[in-house]
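Report on the structure given below.
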Amino acid sequence: MIETGIPRLDDFLGGGIPTGKTLLYYIEPGVEGDVFGMQTLYHNLEKGYRGLFITSTTAPEILRESFKELGFDMSRFGDNFAIVDAYSGIIGSTSDERYVIEDPSNPSHIDEVISAAIEEFSGGTITFGSLSTIIDMVGEEKALEYIIKWNKYALIYDTVGIYNFTAWPYSPETLEKIKNEIFNAVIKVGGISKRVVYGQYYGILRVDWTEKVEKAILFKLVRPGGIKAFIPKILVTGPFNAGKSTFVHALSTRAVSVDRLGTTVALDHGYVEHKGFSADIFGTPGQERFDPIIKLLGGEALGVFLIVDSTRPEDFPRAVKMLEMTSRFGLPYVIVANKQDIKGALSPEEIGKMLNVHEEAPVVPAVTTRKEGVFEAFEILIDMVTGG
Amino acid sequence: MLCLIGDWKIEGYSLGIDVLDQKVGKIPPGSNIMIVGPPMTGKSVLGRMFFYNRLKDGSAGIFVSTKDTGEKVIDWFKTNDLDISRAKYGIIDCVSRTLQMDINLQDTDRIRYVSSPVDLTGISVKVNDLLEEFWKKEQIRSIGVVIESLSALLMYSNLQTVFRFLHVFSGRIRSVDAAGMYLIEEGMHDPRTQVTLKQLFQGVIETKDEGGEKLLQVIAPGCKVSGWFRYNFEGAKIDLKEI
């Protein structure tokens with residue numbers, strides 16, 4: 001069994017990838033996911049395994065430099081590492097690499113070179129730097145045939161096949177086969193977006209050698225360093241005495257508040273782990289004089305909870321103003337209609353109307369003192385943040 | 001209804017050429033426009049002036065260069081006395097690394113390097129990085145994007161591949177209410193290529209050369225059709241006359 005070298009992913013995969021199996025990183029366009037395959041390869045070269053990398057979008061020298069930028073010095077692995085150059089042929093230049101696909105327009109030639117490389121590198125790993133480019137060169141139908149063949153080769157020669165795949169809008173049949181049929185494991189590498197990409201995550205879409213773990217990990221790409229798991233910031237805001245600190249404490253496994261006589265004067269901070277997501281939660285003070293803090297805290301946030309006191313509609317204009325301060329970054333938000341247990345509390349629908357927000361903006365009824373509605377709100381926001 | 005998410009208003013994008021702007025009005029946010037015409041008819045100047053106009057009015061610009069190096073693009077503006085030194089922009093250079101001018105090239109604030117024009121994933125990632133930077137850090141909502149040119153992408157990748165890339169790319173432009181200009185050389189590709197790609201765009205700026213006389217017209221969504229203009233260009237200067 002080899003490891004992916006991606007934080008926490010090996011735990012989710014039952015320790016790693018068994019030899020003869022294949023794993024595909026299914027990357028949303030626009031997300032910097034190519035590093036996943038590179039990191040897995042490097043991790044295993046370091047462990048003493050042999051490794052091949054198929055480059056089809058960049059020249060081998062540039063590729064080596066890209067590894068170096070990540071802090072991965074490939075020169076120290078000698079003959080244990082080799083590149084299959086599927087790029088030079090595209091731009092019509094020559095190559096000194098051990099394996100060269102001289103005619104990328106010839107599918108059987110591509111197959112021949114890759115099959116020979118897998119055979120010679122038995123017992124190691126073979127990483128496709130960009131499977132999408134290979135599919136583009138060969139055509140969808142033919143490419144799928146070859147992939148199935150290469151995966152069989154991997155099984156025969158005790159090799160682990162790692163694929164980076166950018167999920168461009170190929171035909172639904174091709175995407176379905178890639179996602180659900182021809183690889184032993186598929187790892188989704190996606191973007192958290194609301195108009196623009198604010199963060200990135202990965203999680204298992206399928207795996208056939210262990211039980212699937214339904215978890216997603218947010219990550220950042222560090223140069224040097226590679227993929228690092230990332231804990232996002234979620235902002236909790238709302239008018240004075242709406243119950244923000246209580247919400248933060250109710251949601252968090254551990255929390256701390258900077259307050260004076262029970263009123264938050266700087267911030268609340270909590271850490272929550274729930275349904276595979278972990279998050280840092282920051283609560284803002286509600287009084288107007290602390291508004292600069294909201295702007296400061298909002299900078300790196302990925303989502304917003306707006307807490308309102310359901311019995312105090314007179315505070316709603318202030319709530320809207322606070323939401324505007326945070327949501328000017330286009331962040332997703334959930335409105336928590338707190339104090340639903342108090343007589344005269346307005347219904348979530350009434351609150352939504354009075355706040356005059358988008359019709360689809362979720363308004364979750366809650367009693368934060370009893371932790372009611374708190375985790376429901378969290379799940380809705382996480383769904384919005386990760387695109388469901 | 002109060003629009004809390006995305007509470008901003010972009011009036012539209014001017015082309016940066018007064019006579020044309022007066023005639024056609026502003027291009028609506030989220031538009032993707034193809035600039036198509038034979039070589040040497042000033043398509044680059046049109047694209048670059050659109051880009052410059054974004055920077056001039058305090059918006060941000062993203063310039064994807066598949067023809068010239070990033071340095072060369074910046075030099076063009078300098079040479080033509082167009083000051084972009086304090087503007088918010090990013091150039092995605094798909095050329096320098098391909099030419100292997102310097103394999104140690106590192107991204108700068110202004111120029112982001114992609115390994116080659118084949119690396120459509122890389123282009124997409126760098127554009128997303130810049131969009132995020134402008135939106136989140138700079139809080140700029142009005143962004144002009146230029147790809148100069150699609151023809152170079154089509155030299156290295158097949159039509160289907162480029163179509164898939166542009167399908168995602170143009171969608172991204174729409175979702176952030178930016179405006180995109182995409183240059184393509186007429187006569188360099190078969191007619192099917194142009195027709196296929198046209199599906200992705202909401203408008204077209206067409207240039208042509210008729211016996212040495214240069215003509216252009218603008219057909220953009222929500223704008224008046226400009227009709228044909230006779231024009232000449234020198235450096236960054238374009239003189240237009242309505243026919």
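Antiparallel versus total DSSP beta bridges in the protein assembly as shown: what percent is that, nearest 5? Antiparallel: roughly 40 percent of the beta bridges in the protein assembly as shown.
I need to check one value: relative contact order of the stretch A:61-209, counting alpha carbon pairs closer than 8 Å and at least 6 residues apart, in percent. Taking the mean separation of contacting Cα pairs over the length of the stretch A:61-209, I get 15 percent.
With a 1.4 Å probe rolled over the protein heavy atoms of all chains, the accessible area of B:Lys214, B:Lys208, B:Lys198 falls in the order B:Lys198, B:Lys208, B:Lys214, largest first.
Annotation: per residue accessible area for the stretch A:9-229 equals 36 Å², rounded to a whole number [probe 1.4 Å, protein chains only]. Against chain A, whose longest principal axis is taken from its Cα atoms, helix A:140-156 shows a tilt of about 80°. Entry comment: accessible area of the stretch A:233-385 is 42 Å² per residue, from protein heavy atoms only and a probe of 1.4 Å.
Pairwise Cα distances in the stretch B:29-176 exceed 20 Å for 46 percent of all pairs. This model, with +1 at the C-beta of Lys and Arg and -1 at the C-beta of Asp and Glu, gives the stretch B:30-213 a dipole about its Cα centre of some 540 debye.
Determine the alpha carbon to alpha carbon distance for each of A:Lys233/B:Lys126; B:Lys78/B:Lys137; A:Lys47/A:Lys149; A:Lys47/A:Lys228; A:Lys68/A:Lys233 and list only those over 25 Å. From the list (A:Lys233/B:Lys126; B:Lys78/B:Lys137; A:Lys47/A:Lys149; A:Lys47/A:Lys228; A:Lys68/A:Lys233), the Cα-Cα distance tops 25 Å for B:Lys78/B:Lys137; A:Lys47/A:Lys149; A:Lys68/A:Lys233. Contact residues in the stretch A:19-43 (at least 10 Å² less accessible area with all protein chains than alone, 1.4 Å probe): A:Pro29, A:Gly30, A:Val31, A:Glu32, A:Asp34. Under 5 Å from the amide H of A:Ile227 lie the amide H atoms of A:Val222, each residue being 5 or more positions distant or on a separate chain, with H modelled from the backbone and absent for Pro and chain starts.
Classify the stretch A:132-184: rounded, prolate or oblate, from the alpha-carbon gyration tensor (a ≥ b ≥ c, eigenvalue square roots; a/c under 1.5 rounded; otherwise prolate if a/b is larger than b/c)? Prolate is the answer for the stretch A:132-184, as a/c is 1.5 or above and a/b outweighs b/c. Only protein heavy atoms count here, probed at 1.4 Å, and on that basis chains A and B bury about 4000 Å² of accessible area in total. The angle between the Cα long axis of helix A:374-385 and the main principal axis of chain A comes to about 40°, on a 0 to 90 degree scale. Dividing the alpha-carbon radius of gyration of chain A by the rule-of-thumb value 2.2 N^0.38 Å gives 1.19. Contact order for chain A, expressed relative to its length and based on alpha carbon pairs under 8 Å spaced 6+ residues apart, stands at 14 percent.
Counting only protein heavy atoms and a probe of 1.4 Å, the accessible surface of the protein assembly as shown is 49% carbon and sulfur. Computed with every protein chain present, the accessible area of A:Tyr157 is close to 70 Å² [probe 1.4 Å]. Taking a ≥ b ≥ c as the square roots of the eigenvalues of the alpha-carbon gyration tensor, the stretch A:233-385 is classed rounded because a/c is under 1.5.
Give the cross-link partners of A:Lys215 among the aspartates and glutamates, using a straight C-alpha distance below 19 Å as the criterion and excluding same-chain residues fewer than 8 apart. Partners within reach: A:Glu3, A:Asp10, A:Asp11, A:Glu28, A:Glu273, A:Asp280, A:Glu376, A:Glu379, A:Asp383. From the Kirkwood radius over Cα pairs of the stretch B:122-243, Stokes-Einstein at 37 °C and 0.692 mPa s returns a whole-number translational diffusion coefficient of 201 µm²/s. For the stretch A:9-229, rounded, prolate or oblate, judged on the Cα gyration tensor with a ≥ b ≥ c (square roots of eigenvalues), a/c < 1.5 rounded, else prolate if a/b > b/c? Rounded.
Contact-buried residues of the stretch A:194-243, at a threshold of 20 Å² lost accessible area versus the chain by itself: A:Lys194, A:Arg195, A:Val196, A:Val197, A:Tyr198 (1.4 Å probe; DNA, RNA and ligands ignored).
Over all other residues within a Cβ to Cβ distance under 13 Å of B:Leu200, the charged ones net out to +4, with Lys and Arg as +1 and Asp and Glu as -1. For chain A, the longest principal axis of the alpha carbon atoms and the long axis of helix A:316-327 meet at an angle near 20°. Per residue of A:55-62, other chain Cβ atoms within 10 Å of the residue Cβ number 5 on average.
Remark: for residue pairs B:Lys198/B:Lys237; B:Lys56/B:Lys214; A:Lys177/A:Lys212, the C-alpha separation exceeds 20 Å in B:Lys198/B:Lys237; B:Lys56/B:Lys214. Across the stretch A:288-299, rounded Karplus estimates of 3J(HN,Hα) from the backbone phi angles (6.51 cos²θ - 1.76 cosθ + 1.60, θ = phi - 60°) give 4, 5, 9, 3, x, 5, 4, 4, 5, 6, x, x Hz, Gly and Pro being marked x.
Partner shielding of B:122-133 amounts to 5, given as the average count of beta-carbon atoms from other chains within 10 Å of each residue beta-carbon.
For the stretch B:30-213, DSSP calls about 5 percent of its internal beta bridges antiparallel. Only Cα pairs under 8 Å and 6+ residues apart enter the sum, and on that basis the relative contact order of the stretch A:233-385 stands at 24 percent.
Accessible area per residue for the stretch B:30-213 is 36 Å², calculated with a 1.4 Å probe on protein heavy atoms, without ligands, DNA or RNA. For the stretch B:78-107, the list of trypsin sites (Lys or Arg not before Pro) that fall in a loop by DSSP and count at most 13 other C-beta atoms within 10 angstrom reads B:Arg86.
The values are calculated or read from the model by the stated rules, or taken from the named source; none is laboratory data. In this text, all values refer to a predicted model and were calculated from it rather than measured experimentally. Ideal geometry is used to build each Cβ from the backbone, glycine not excepted, and the neighbour counts take in all protein chains shown. What goes into the accessible areas is simple: the full protein's heavy atoms, side chains included, and nothing from ligands, DNA or RNA. Shrake-Rupley method; radii C 1.70, N 1.55, O 1.52, S 1.80 Å.
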